[in-house]
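Colleague: The structure follows.
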Amino acid sequence: MHLKVMVVEDEEALSELLRYNLEAEGYEVEVVDRGDDAELRLRESIPDLLLLDWMLPGLSGIELCRRARLREETATLPIIMLTARSEESERVRGLSTGADDFVVKPFSVPELMARINAMMRRLKPASVSTKLVIGEIEIDRERHRVYRNDREVRLGPKEYKLLEFFMLAPGRVFSREQLLDGVWGRENYVDERTVDVHVGRLRRSINRGKEKDPIRTVRGSGYSFNDKFA
Ligand code: CA
């Protein structure tokens, strides 16, 4: 049985990015783009976790959260609130909204996934896998360690996130821009060449001698983790 995450977010590009990444983690995902619709939906079906944007049409995330807490059925529902980076987000933290966690936009997707997984693990320890394995490469996501053929591979924080991002979607080709969005966070001011530098470092760390390179450079497009890699 899959754990279910409800994403309430009116920015479609972001909700699709979240859906994609949550599904890759094995969650069942429902996206709702209005606060009032989400309130109605919560009366029909209660997810295992609610990812809630603050600024929403219909009903604000804060108000939705407050109302959810008043209902017995959703009083203890885990809620992560997404807030914009502004003075308002400082203010909203001070309000007693009842959210379990706050994530400030722009955020890095792997970081948000790590927080969601950590929260799910606390709630339902048996249902969240902490290991990601493709062929010879294994990531222990709880301990932030990487192994290739049982040899530990030491990676910098960005290389680690990059590898994790690739391994969550083997075979998919990512543009440099998508990698920047996913690993460095949206609205960053990092040059796309930075991606090449970090992919280079990641390759040097994970490949030794004649070991096969799992990362494919796709000319004119970007990079991909080889899903045939084994
Ligand atoms: Ca919004």
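The values are calculated or read from the model by the stated rules, or taken from the named source; none is laboratory data. None of the values given here were measured: they were computed from a predicted structure. Cβ: placed from backbone, ideal geometry, glycine included. Neighbour counts: every protein chain shown. Calculation scope for accessible area: heavy atoms of the full protein, side chains included, ligands and nucleic acids excluded. Shrake-Rupley method; radii C 1.70, N 1.55, O 1.52, S 1.80 Å.
Colleague: Has segment 203-215 got at least one residue that is in a helix (DSSP H, G or I) and in contact with a helix residue (DSSP H, G or I) (Cβ under 8 Å, 6 or more places away or on another chain)?
Modeller: Filtering segment 203-215 down to residues in a helix (DSSP H, G or I) leaves 203-206.
Right, trim to in contact with a helix residue (DSSP H, G or I) (Cβ under 8 Å, 6 or more places away or on another chain) and you get 205-206.
Looking through segment 203-215, at least one residue is in a helix (DSSP H, G or I) and in contact with a helix residue (DSSP H, G or I) (Cβ under 8 Å, 6 or more places away or on another chain).
Colleague: Got at least one residue in segment 175-186 being at pLDDT below 90, in a loop (DSSP other than H, G, I, E, B) and either of a type outside the set (A, V, I, L, M, F, W, C) or open to solvent by less than 30 Å² (accessible area, probe 1.4 Å) (or both)?
Modeller: Scanning segment 175-186, I find at least one residue that is at pLDDT below 90, in a loop (DSSP other than H, G, I, E, B) and either of a type outside the set (A, V, I, L, M, F, W, C) or open to solvent by less than 30 Å² (accessible area, probe 1.4 Å) (or both), so the answer is yes.
Colleague: Could you list, ordered by first residue, the pairs with Cβ atoms under 8 Å in which the first is in segment 55-71 and assigned by TED's automatic domain parsing to the domain that holds Thr97 and open to solvent by 40 Å² or more (accessible area, probe 1.4 Å) and the second is within 12 Å of the ligand (Cβ to nearest atom) and acidic (Asp, Glu), at least 6 apart or interchain?
Modeller: Listed pairs, sorted by first residue: Met55/Asp10; Pro57/Asp10; Pro57/Asp33.
Colleague: Moving on. What tally of residues in segment 11-33 results from selecting those that are within 16 Å of the ligand (Cβ to nearest atom) and buried (at least 17 other Cβ atoms within 10 Å of the Cβ)?
Modeller: Number satisfying all stated conditions: 8.
Colleague: Tell me, please, whether a residue that is under 24 Å from Val104 (Cα atoms) and open to solvent by 70 Å² or more (accessible area, probe 1.4 Å) can be found in segment 195-217. Walk me through how you get there before you give the answer.
Modeller: Taking segment 195-217 as the starting set, the residues that turn out to be under 24 Å from Val104 (Cα atoms) are 195.
Imposing the further condition that a residue be open to solvent by 70 Å² or more (accessible area, probe 1.4 Å) reduces the set to none.
The answer is no; no qualifying residue exists.
Colleague: Of all residues in segment 34-47, which are away from the ligand (no atom under 16 Å from the Cβ) and either outside the structural domain of Arg69 (by TED's automatic domain parsing) or surrounded by fewer than 20 Cβ atoms within 10 Å (Cβ to Cβ) (or both)?
Modeller: Those that are away from the ligand (no atom under 16 Å from the Cβ) and either outside the structural domain of Arg69 (by TED's automatic domain parsing) or surrounded by fewer than 20 Cβ atoms within 10 Å (Cβ to Cβ) (or both): Leu40, Arg41, Arg43, Glu44, Ser45, Ile46.
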